[in-house]
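K.L.:
Okay, handing you the structure first.
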Amino acid sequence: MQEEQIVKVKEQKGSPMATEPVNKLMLKMGIPMILSMMLQAVYNIVDSAFVSNMKGTGEIALNALTLAFPIQMLIVAVGIGTGVGANALLAKSLGQGDKEKASKTAGNGIFLATIIYIVFLIFGIFGIKAYITTQSSNDQIVGMATQYLRICCVCSFGTIYFAIFEKVLQATGKSLYSTIAQIVGALVNIILDPILIYGLLGLPKMGIKGAALATVIGQVVSFVCAMTFHFKVNKEVSNGFSYIKPNGAIIKGIYSIGFPAIIAQALMSFMTYALNVIFVMIGENVVTAYGLYYKIQQFILFAAFGLRDAITPIVSYNHGMNSKKRVKDGIKYGMAYTLIIMFVGLVGLEIFAEPLAAIFGLSGETAGLCISAIRVISISFIFAGANVAFQGIFQALDSGLESLIISVCRQFLFVIPIAWGFAKLVISGSPMWLIWITFLIAEGISAAIACVFMKKIYTNKVLKLV
């Protein structure tokens, strides 16, 4: 037994995670993850770009997409959170040499994806209109949003199953294949959007229904590609119906890891929904402007999420190796690279605020609101980037509770009440830009709390390393 432990230690020390310079390792691991996460934002922004330019109904359709967006985010949150749990448990099982458990983990991930899909299928058939009408009383907007979201929910199996197969491929070190699958699906979505929305190549003009169909077809293509790659190249995992049979211990193991990830992702969905309800008190054009801004900023924020997903394993691995220097380097470079991403994003959005609003066919008051949102909210990027990096660091240092607290603070505890209070002031005659300050305040307070957590965790867990 002692000899086996010595061999494992030698293997760890020979791993790039233990020997390659941390700054280079973080870029090497982070860039593919950043690209993968940014591609997820493509599905949200492409539909908006084409739908907003529909003649006569562009802004109404854009508003409808904004109302549907929180449920789309929730589908992704549950799928990705389940995939994250399966990823970690599968990788750990393979590291322990337990191929049987790894195979059951992959199979149970597929089983859970099926259950998740059935839930959203039922909601798509029976619950869509009731949900949409809580955010708007405009019959045209409600009709468009209901039509779009029903298709997305009924056909949500593509994005849910892809989330599982993507994480299984990543768990076995084959993230390139999942990225390829995602790129192919995104390209299909981009190609189909104008064809189905505007009725090109002899096809009927389908409007917002075409946008929904293009989205789900792209997602299904990604799922089919990822599933094919899994069965062809994932030799570390055995497949078969016997592995899909639900196993209570495996499912518990998946969600003991994945549930916090689901909560963190779902908070984004709840925040967007609550803000839609608050902003509609001021006007539907405020909802439209914020909805478009939110999708634009996802390109920047998702890039930070991608780097966070590189920070966590690097810091975690070297924390397990008891290497103080490499853990400190992981924290330093992870924070630095994240802040660089957010600063570049801030500058880019400040410069291109007006052209971005014009691309989406906005005009008049709505365009002005969108430009104002871009220029004011983007200032919060530096604080937001620090919060995202801190969350990845906390998770790596076995401080998941602190990471979850920061998520709750920045996406619920401070955002919702402050936004509600500022909305009341705007209705009473205060300047409109006041509501956009909400995000700067929420991210700033959350970053201050994160710094307090970081100081305590650094003292208790990093400085004690050798």
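The values are calculated or read from the model by the stated rules, or taken from the named source; none is laboratory data. Nothing here was measured: the structure is a model prediction, and the numbers come from that model. Counting neighbours? That spans all protein chains shown, and the Cβs are built from the backbone with ideal geometry, glycine included. Heavy atoms of the whole protein, side chains included, go into the accessibility calculation; ligands, DNA and RNA do not. Shrake-Rupley method; radii C 1.70, N 1.55, O 1.52, S 1.80 Å.
K.L.:
If you take the residues of the stretch 417-466 that are in contact with a His (Cβ under 9 Å, 6 or more places away or on another chain) and in a helix (DSSP H, G or I), which of them is least open to solvent (accessible area, probe 1.4 Å)?
P.N.:
Among residues in the stretch 417-466 that are in contact with a His (Cβ under 9 Å, 6 or more places away or on another chain) and in a helix (DSSP H, G or I), the one least open to solvent (accessible area, probe 1.4 Å) is 462.
K.L.:
Counting only residues that are free of Cβ contacts under 8 Å to residues at least 60 places away in the same chain, assigned to a loop (DSSP other than H, G, I, E, B) and touching a helix residue (DSSP H, G or I) at 6+ places or on another chain (Cβ under 7 Å), how many does the stretch 119-146 have?
P.N.:
1
K.L.:
Can you report the number of residues in the stretch 296-349 which are surrounded by 22 or more Cβ atoms within 10 Å (Cβ to Cβ) and of a type in the set (Lys, Arg)?
P.N.:
2
K.L.:
OK, next. Please enumerate the residues belonging to the stretch 281-338 that are polar (S, T, N, Q) and at pLDDT 95 or above.
P.N.:
338
K.L.:
Which residues, taken from the stretch 147-169, are in a helix (DSSP H, G or I), in contact with a Ser or Thr (Cβ under 9 Å, 6 or more places away or on another chain) and either without any contact (Cβ under 8 Å) to a residue 40 or more places away in the chain or surrounded by fewer than 24 Cβ atoms within 10 Å (Cβ to Cβ) (or both)?
P.N.:
The answer is 151, 157, 158.
K.L.:
Here is a list: 191, 195, 183. Which entry is open to solvent by less than 30 Å² (accessible area, probe 1.4 Å), assigned to a helix (DSSP H, G or I) and over 19 Å from residue 153 (Cβ atoms)?
P.N.:
Matching residue, one of 191, 195, 183: 195.
K.L.:
Does residue 322 satisfy the condition of being more than 20 Å from the chain's Cα centre (by Cα) and on the phi > 0 side of the Ramachandran plot?
P.N.:
yes
K.L.:
Another question about this same structure. For residue 384, indicate whether it is open to solvent by 50 Å² or more (accessible area, probe 1.4 Å), in a helix (DSSP H, G or I) and within 30 Å of residue 323 (Cβ to Cβ).
P.N.:
No.
K.L.:
Given the residues 161, 131, 148, which is the only one that is modelled with pLDDT of 95 or more and in contact with a Gly (Cβ under 9 Å, 6 or more places away or on another chain)?
P.N.:
Matching residue, one of 161, 131, 148: 161.
K.L.:
Which members of the stretch 61-99 meet the condition of being more than 13 Å from residue 258 (Cβ to Cβ), open to solvent by 10 Å² or more (accessible area, probe 1.4 Å) and within 18 Å of the chain's Cα centre (by Cα)?
P.N.:
Residues satisfying the conditions are 71, 72, 73, 74, 76.
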